[in-house]
Amino acid sequence: MHGPALYFLVSAAYAGLALWFWNTRWRAAPAAEGLAPAERLAVAAPLALHAWLLYGDLFLAPELRFGFAQALSVMLCLGVAIFWIESLFLRLDGLEPLLLPLAALAAPLPALFPGMASRGLPASPEFRFHIVLAMAAYSVFTIAALHAVLMSLAERRLQHKRGRMLNLPPLLTLERLLFRLIATAFVLLTLTLATGALYSETLFGRVLQLEHKTLFAILSWATFATLLAGRWLRGWRGRTALRWTLSGFTMLLLAYIGSRFVVEVMFDRS
C-alpha cells in the first residue's frame, strides 16, 4: 500500500473514531471520565501512522513541498497529538467529536494537493525550525479554538437547559485551561514571527517581506496579545474571550493556509 492510500486509511480511522466518540460522549453519558485504555490506543495508532507519513514527505523527500495541504495535515496531526498528551493529565471529554472529524478531513490533503516545490530550502535548518515552530503554534491555537467552541456549546446548554449536559469540568476550570493554551500558543507564535524575520533577512536581505500573510500573522499576534492583556488587566472572560480567540485564530489561518490555498488551488500553481 503506497503513501496516498495510507493517508486515506488514516482519514478513515479518524472518521471512525469521531463517530465513536460522538456516540459515546455526546449522545450518551460516558461511563467513565477521560479516554479508556483501548480508546487511547485506538487514537494513537492512526496518529502514529499520520506522523510517519508526514515525516517522510517533509523531511525525507528529495525536495520540500509545503503548501496549504501539508500545513493543514501537520496542524491537525499535531493537534491530535497535543490532545492525546494533554488528556493524560486533564479532562478533555467532549473535544474528540470536534477535533477528529477535522483531522479526518485534513489527513489525506497532501495526497490530493502535493503543494509547490521549495527548491533550495530543505538544506536550511533555519527554515525547518521556523516551520516546526509555526505548525506547533497553529496546532495549539487549533486546540484552543476548539476548546472555545466546546465551552460555548456547554454554556448554551447550561443556560437554556436543553439537551444532555456534556460531562465536562466546571466552566471556570475550562476557562483557565483555555487561557493556558492561548498563552502557550502565543509564545510559540512570537517565536515563529521572530524566526521568520531572521530567516527572511538571511534569504532576501530584509527583515520582513511586506505581504498579506505577514500582515495577517501580525494581526493575529496583536489580537491574542490584546486578549491576554485584557484577561490580565480587566479580567476578560466568557463570550468576550471566545470572540477574541476565534477572531485571532481566523486571522492566523488566513496568514499562511489561506494564501497558499489561493495560489495552489484557485490559481492552480502547484
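Any read-out appearing in this document is the output of simple, stated calculations on the displayed coordinates, not a laboratory observation. Quick caveat: nothing in here was measured; it's all calculated off a predicted structure. All Cβ positions, even for glycine, are placed from backbone atoms using ideal geometry, and neighbour counts span all protein chains on display.
Compared with the direct C-alpha span, the chain from Leu171 to Phe89 gains 27.8 nm at full extension, assuming 0.36 nm per residue.
For a protection proxy built on the mean count of beta-carbon atoms within 10 angstrom, sort 3-16, 36-49 highest first, please.
Put in order of decreasing packing, that is 3-16, 36-49.
Length gained on full extension, Val132 to Thr226: 31.3 nm, using 0.36 nm per residue less the C-alpha separation. Students often get this wrong: which residues of segment 33-54 have the backbone nitrogen under 19 Å from the point 7 angstrom along Cα-to-C-beta of Ala12? Hits in segment 33-54 for Ala12 at 19 Å: 42-54.
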